[in-house]
Amino acid sequence: MTDSTEKSSNAMWGGRFAAGPDAIMEAINASIGFDKRLYAQDIRGSRAHAAMLAAQGILTDSDAAAIREGLLTVLSEIEAGDFPFSTALEDIHMNVEARLKEIIGEPAGRLHTARSRNDQVATDFRLWVRDQCDAAGTALEALMRALLTQAEAHADWVMPGFTHLQTAQPVTFGHHMMAYVEMIARDRSRFADARKRMNESPLGAAALAGTGFPIDRQMTAEALGFDRPMANSLDAVSDRDFALEFLSASSICAVHLSRLAEELVIWSSAQFRFVAMSDKWSTGSSIMPQKRNPDAAELIRAKIGRILGATVALFTVMKGLPLAYSKDMQEDKEQVFDAADTLMLALAAMTGMISDLTVNRDKLEAAASNGFSTATDLADWLVREAGLPFREAHHVTGTLVAMAEKKGVDLPDLSLAEMQSVNPAITEDIFRVLGVHNSVASRQSYGGTAPDQVRAQIARWKQVLG
């Protein structure tokens, strides 16, 4: 280090060390490379803090005014890309404060009265994560609307429902889309719930024990949109539950996106052709001209790895830390930043894919009619109309499926005589339930796949979303 660099580095430590950190220490200690993303939250928190100090008579009105205007100048410089970030100044807090001093001089040194970088970073980060919860909620609502549009357009289009990826019972494409509406709605509520819990202000907790200055924490909490100040100063500076909860909600959401992405990959394959992906979300092969690869869906499917990895990483960082603040907690932000960016990108891409999706009705209906998908309807009819115990009805149905399979036909293709040879109680009425359209129409229980039920759920969600 040069003498000037050493002096600059030593300045932030208040003369505590005889020599500044060497290059390695500077590199491991600095966080400005990533925490500069908190600049807007940092400046917002500082402005609220300065206004409170002035209101309490701790700062003069003239110093508070100079700080307020100086911080706005710093904000405009950062937003214009003209701000000289310095690694020697470690983090966003010291970078902003140093530049503020260059702009307004001595009053800048009074801004940090009754505040520590511990409560400052906890406040900045909490504000940033709170903003991300809001952004995620908005993006999830957009995806829900795209799914609702597809569900409404295809409320009565039959398709095979699967268990174990084997044909189970007929459902409608609209019903399938609505399953994801429910999942995404839970994701949306998780972010909203997390936001409520994190909406308490750490500002004023200082380093760990509070401060002897007569500050008004309620004032700064209200200025920053928090419901209340955090009630324990130790907890305020050492808590990262809000980040863990954001990551947990993000991981669950990413799992849902991955499941939907997997279905889009399967459905768009040559073996299924249930749907066609728009060219916007597909790519061609470098050597196979016939191919259209669902790259966007595959990449979304992979994004869970990054988001879940960030979640595990932060849990691991936090798991053994004693109260209150430890430098380990500097490792919280990169994980959350990356997960938030990844989630927002995946949500935007999925919303685009669902909006542009083309559904192949003929392929869906043909697949729904194969694989003895109405076998359960036959068994239910035997219970309901012929009075058989379900276990016996199950056995009769299995025998009929074996008969149809041997003949190479589906259940509706068996003759009445063939069916009666297995159980004479079967009548002509059996054919009313064996068609796939009849099957889905009969599923009138709440939450069932009957088109009327699907449309009712669509209407409910459209009303909820407004």
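The values are calculated or read from the model by the stated rules, or taken from the named source; none is laboratory data. Note that this is a predicted model, so its numbers are computed, not measured. Reconstructed Cβ throughout: ideal geometry from the backbone, glycine too, with neighbour counts over all protein chains shown. Each accessible area value is taken on the protein alone, full model and side chains, heavy atoms only, with ligands, DNA and RNA left out. Shrake-Rupley method; radii C 1.70, N 1.55, O 1.52, S 1.80 Å.
Please give the contour-minus-distance gain from LYS327 to ASP295: 0.36 nm per residue of separation, less the Cα-Cα distance, rounded to one decimal in nm.
Full extension from LYS327 to ASP295 adds 7.5 nm.
In degrees from 0 to 90, rounded to the nearest 10, what is the angle of the helix 333-356 Cα long axis to the longest principal axis of the chain?
The helix 333-356 is inclined about 40 degrees to the chain.
Can you give the FRET efficiency to the nearest 0.05 for ALA366 and ASP279, using r as the Cβ-Cβ distance and R₀ = 22 Å?
For ALA366 and ASP279, the calculated efficiency is 0.30.
How much of the accessible area of the chain, probe 1.4 Å, is carbon plus sulfur, in whole percent?
It is 53 percent, rounded to a whole number.
First measure r as the distance between the Cβ atoms of PHE34 and GLN463, then evaluate 1/(1 + (r/R0)^6) with R0 = 60 Å and state the FRET efficiency to the nearest 0.05. Spell out each step's value before the answer.
On the way: r = 42 Å, r/R0 = 0.70.
In this case the efficiency is close to 0.90.
Here is the link list: LYS303/LYS363; LYS36/LYS327; LYS303/LYS333. Which ones come out longer than 23 Å on Cα distance?
Pairs exceeding the cut-off: LYS303/LYS363.
Between ASP341 and ALA425, what is 0.36 nm times their sequence separation minus the Cα-Cα distance? Round to one decimal in nm.
Value of the extension gain: 24.0 nm.
How big is the Kirkwood radius of segment 334-449, worked out from every pair of different alpha carbons and given in Å to one decimal?
Radius from the Kirkwood sum: 17.1 Å.
Relative to the longest principal axis of the chain, what angle (0 to 90°, nearest 10) does the C-alpha long axis of helix 61-79 take?
50
Once you place label points 7 Å from the Cα toward the Cβ at ALA168 and GLU418, how far apart are they in nm?
Modelled inter-label distance: 2.7 nm.
Which angle between 0 and 90 degrees, to the nearest 10, do you get for helix 390-407 versus the longest principal axis of the chain when only C-alpha atoms count?
Rounded to the nearest ten degrees, it is 70.
Counting only heavy atoms of protein chains, what accessible area per residue, in Å², does the chain have with a probe of 1.4 Å?
Accessible area per residue: 46 Å².
Could you please state, rounded to a whole Å, how far the C-alpha centre of segment 136-181 is from the C-alpha centre of segment 348-406?
17
Length gain on complete extension for the stretch LEU72 to ASP216, per 0.36 nm per residue less the alpha carbon to alpha carbon distance?
Contour length minus the Cα-Cα distance gives 49.5 nm.
Below 8 Å between Cα atoms, with a sequence gap of 6+, how large is the relative contact order for the chain in percent?
In percent, rounded to a whole number, it is 16.
Please identify the longest segment of the chain free of exposed trypsin sites (Lys or Arg not before Pro), where exposed means a DSSP state other than H, G, I, E or B and no more than 10 other Cβ atoms within 10 Å.
17-318
From the phi angles alone, apply the Karplus equation (6.51, -1.76, 1.60; θ = phi - 60°) to segment 28-41 and give each ³J(HN,Hα) in whole Hz, x where the residue is Gly or Pro.
Here the 3J(HN,Hα) series is 6, 8, 6, 10, 4, x, 10, 7, 5, 5, 8, 4, 5, 5 Hz.
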